[in-house]
Structures are given as C-alpha cells and as structure tokens.
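Working notes, structure below.
The values are calculated or read from the model by the stated rules, or taken from the named source; none is laboratory data. Remember, it's a predicted structure, so these values are computed and weren't measured experimentally. Cβ: placed from backbone, ideal geometry, glycine included. Neighbour counts: every protein chain shown.
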Amino acid sequence: MFSRVPRRICDDVNMWLAVAAGLVVFAALAGWPLRPAARLDCAGNTVLQVAGGRDVSIDHQQRAIIDSWDGAGPAAEYAELVELPPVADQQHSQMLAWARSRGCPAVDVYILDTQWIPEFARGGYIEPISPNDVDMGDVLPNIRKAVEYDGRTWAVPFNADAALLYYRTDLDIEKPRTWSDLWQQAQRLLMDDDNGLSSGYAPQFGEYEGMTVNALELIWAAGGDLIDRHGQVTVDREPVRRLLETLLGQIGDESPAGQEDGGRPVIGRSALDHFEADSIKAFADGRVAFMRSWPYAYARLANNEWMGSSDKSLKFAVAELPGSEDGRPGRSVLGGQSLAIDARSPHKRAALALIRHLVSEESQQRLFSCGGFAPVLRRVYLSPEQCPSTDSDRKVVRRLPDEQVGTLLRAVETARPRPAWPYYTEVSRVLSRGLRDCLSGLRGCDSPAGVAAFTDELAGELTVAMRGR
C-alpha cells in the first residue's frame, strides 16, 4: 500500500505543475516554442532544425528557401524553420538558452543577428567555418568581415540589412542631405494643418536593440562614436551631448492636425515606445513625413492601399540616411543575419550543405526579388531579377525597383558593423535603456548641465557592461 503523501507536498507539486502548464500555454499563445520537437536520439533525427526570428518577408521567403532544400541523404532528409518572436532581444535570449542547454542540441543551424556572433563564438556554442566549406568570394567585403571574430570565421552571411530614409513624395519635400535639413523640413511641414501629419519623423526609440541602432547612426552623423580605435568603449561627450539636446528639443506630445493647441512635434513622444512595425504603421497611415527603416519595409508600404496614387505611382521614395553638416555622408549600422552551426550538432556536414544552398546565387536572388531582403552577393545587386509571379499576384510589389537598387547597394557597402564585443548585447541593453530614459525625462536631462552629467554617467555604465558585469 502506498503511504499517504503530506498535503503540503501535494500543494507544492500542484503549484509547480500549474506553473509549468502556464508556461506551456504562454509559449503556445506567443508562438514561441520552448524548444523544437523532442530529439531523443541526436544522430537519429533526420530533420535539420533551423532557428531564426520571425520571417517578415512577403509569403515567408526565408521559410520557402529552407523548405526547397533537397536534403543530404538519409542522415538529413529535410530542414525546417523554427520561428522565434519578432523582437531581437527575445530571439537572442532563446537562442542563447538553447546553445547553453545540455544533451542533444535543440537546433542544428542558428540564423543569428550578426552582432551576436562574438558572444556565441567565445562561448564555444558554434562551429568555426573553414574557407573551403563555403565559397564567400562574392560576398560584400564589410559583410564578410562581420562574421569574423578572433581571427576565424564563425558564420556565413545569409541576408544583409542597411537602414534607408523613407520620405513622402506627395508632400513638399526635397530629399534631405543632412539631419538638420530633415528637422527643418519637418518643422515647415508641421505648420500646415491640412496635411494630416501628427509628427514629422518616425524613428525606433523603444527600449530594445532598435534604439541602439538608431542612436549609433545619429551619433556617427554628429561626428561622435562609442568605440575608439582600440575597440574599447568611449563616449565622445561633446557630439553626444549636442545630439541629445537636439533630440530633446524635437520630441513632444502629438496632436491631430488642425487642433487649436497645435505644437505638433518633429518626433512624437510615442516614438519612445516604437519598434519597427510601429514606425511603419505611422508612415503608412500618413501620420509622419519621414521614417528610418530597413529595406523590407518597402514592400510593406508599396502594397499598402493608401500609399498608392491614381496614376499607380507611390507616395514615397527612399534615400540613404542623411549626413552631417561638414559633408560626411550618412552611414547605417550594418544589419543582417548569418548562418551558424551548433557546435554539438551531429549533422555538421548536412548543415554545411544546407548553408551552401541558402547562400547560392539562386537562393539570394529569390530572397531579394520575392522577399525584399537585401542580398549578401554583389552580383545580385548588379543583375537583380524579378520574382516569378502568377496572374493572381502580379500586382504585388516585393522589392525596391531597379532604379533604387543602387541606393540600397551603397547603403549596404558603406554600413558600419556593430562593435565585435562578446558582451555586446549587455552594452546595447544599457545604452538603449539609458538613452530612452534620458529622452523620456527620467535621467535629469532637462538642462544642458543635466545632459552633460548623463553622458558622463553613461560612459561609466557602458564600460562596466562591456566587461560583462
């Protein structure tokens, strides 16, 4: 006969079962798997698991290209994409948890944001790539350099990313050459109560990696930096201070056009909570005149009914980011994703075969022409193809038009990679939180003296974060 279990223990067990069930339900509702399907026999599993962020391309072209792989024989019959949440910080946390887990690896191939490569390489979580494994001769040089760390190559570039400036062509706008020019044009447009604007410019200033990227681009244009020539954290205090004072002067509460209290700001206070999707929606709704975003946003906007005109032209165009007053051109942060193999994967040869398929010219053409992602191969930019279409989707816009592919190529070629720090994610977290708090009025940045004090504090906080503390 079984002995009676004390009620307290039963209550504790029931509590933890409820917690576990709640986590499973949360993961299911969020579309965020706690891990892919169980892999009881590491070598016996014949499906390559590929983990990456949510596929935001039209008709899910990343998934389609992965699905089109023919496999590598009985050991790896096919590959499947495990999609993670759309926010980069959440993707990083989940991939790192899988990489650190014990036993059979949860995935075989990671689609890593390129700035995470040093952390995964230093931790021994991914396998180095030999020059003989994959031909990267036509990959753009700055993209190829971004997958290197400590003298070795750790991943293969899958798609690139570089920020573009989106601006309305149905308003009285000239392509801004400098950020000062953009602020001035926005202020002029906001004096017109009939154009439907609630603010002028839509950045991504939410507390996440997007704030870090936006900030770096603005700091560079202001003549400053956060990294010195030795790769250490630095804060060029004077340019950063001037930039923060400028931004604080542009941010304010939005009010609908025509409202008597007026005072529509260049940057709405809501931008302090904006992610990419929020900015795209504000631009697509006609509430802002300018927006900074990635290339994939072009197709999203071009297929928006409001963004079209009666003559079938679009109400917006793209340009490279504005530059500085002294003539320095604007530069984007180099974005993009790269393919890395889990160091414990029993299917490394099959994973390399899959990667070669994903970075082939055919796949790169499809990723760009059908999905709108910036390719990593130069020859795709020089000879871009059109996506094969049927009568039902012939009117769907999928990528930048041929005449603007050169703009994208220049933006990608001149883009600067993020610092190759193993603790970059923590540095980014500290930077995005600090800047958002300053711009929100939570760090005493309400006077020049307060801004100066904040920049001094930020320099110390970033130095500590770079050491992984």
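Tell me, which residue of region 135-179 that is within 17 Å of Trp294 (Cα to Cα) and among the aromatic types (Phe, Trp, Tyr) is farthest from the chain's Cα centre (by Cα)? This residue is Tyr167.
Yes or no, residue by residue, for (1) assigned by TED's automatic domain parsing to the domain that holds Gly53; (2) out of contact with any strand residue (DSSP E or B) (no Cβ under 8 Å at 6 or more places or on another chain); (3) over 30 Å from Val134 (Cβ atoms); (4) surrounded by fewer than 20 Cβ atoms within 10 Å (Cβ to Cβ):
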position: Arg168; (1), (2), (3), (4): no, no, yes, no
position: Glu174; (1), (2), (3), (4): no, yes, yes, yes
position: Asp181; (1), (2), (3), (4): no, yes, yes, yes
position: Asp193; (1), (2), (3), (4): no, yes, yes, yes
position: Gly196; (1), (2), (3), (4): no, yes, yes, yes
position: Ser199; (1), (2), (3), (4): no, no, yes, no
position: Ala215; (1), (2), (3), (4): no, yes, yes, no
position: Gly223; (1), (2), (3), (4): no, yes, yes, yes
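Of Asp261, Asp278, all but one fail to be at pLDDT below 95 and surrounded by fewer than 22 Cβ atoms within 10 Å (Cβ to Cβ); the exception is Asp261. Taking region 398-469 as the region of interest, the helices (runs of 4 or more DSSP H) fully inside it that hold 1 or more residues being crowded, with 19+ Cβ neighbours inside 10 Å and among the charged types (D, E, K, R) are 424-440.
Of the residues making up region 77-113, those that are in a helix (DSSP H, G or I) and in contact with a helix residue (DSSP H, G or I) (Cβ under 8 Å, 6 or more places away or on another chain) are Ala88, Asp89, His92, Met95, Leu96, Ala99.
Consider Arg378 carefully, then state whether it is of a type outside the set (A, V, I, L, M) and over 24 Å from the mean Cα position of the chain (by Cα). It is false that Arg378 is of a type outside the set (A, V, I, L, M) and over 24 Å from the mean Cα position of the chain (by Cα). Once region 50-89 is narrowed to residues that are polar (S, T, N, Q) and within 22 Å of the chain's Cα centre (by Cα), the residue that is nearest to Ala155 (Cα to Cα) is Gln62.
Could you check, for region 18-29, whether at least one of its residues is among the hydrophobic types (A, V, I, L, M, F, W, C) and at pLDDT 85 or above? Looking for residues that are among the hydrophobic types (A, V, I, L, M, F, W, C) and at pLDDT 85 or above, one finds none in region 18-29, hence no. Which members of region 354-363 meet the condition of being closer than 19 Å to Ile58 by Cα and free of Cβ contacts under 8 Å to residues at least 40 places away in the same chain? Selection gives Glu362 alone.
Selection over region 133-167 of residues that are farther than 17 Å from Ala121 by Cα, of a type outside the set (Asp, Glu) and assigned to a loop (DSSP other than H, G, I, E, B) gives a count of 6.
Within region 163-205, the set of residues being closer than 28 Å to Leu409 by Cβ and of a type in the set (Ser, Thr, Tyr) comprises Tyr166, Tyr167, Thr169, Thr178, Ser180, Tyr201. Can you tell me which residues in region 189-209 are in a loop (DSSP other than H, G, I, E, B), among the hydroxyl-bearing types (Ser, Thr, Tyr) and within 12 Å of Ala289 (Cβ to Cβ)? Listed by number, the residues that qualify are Ser198, Ser199.
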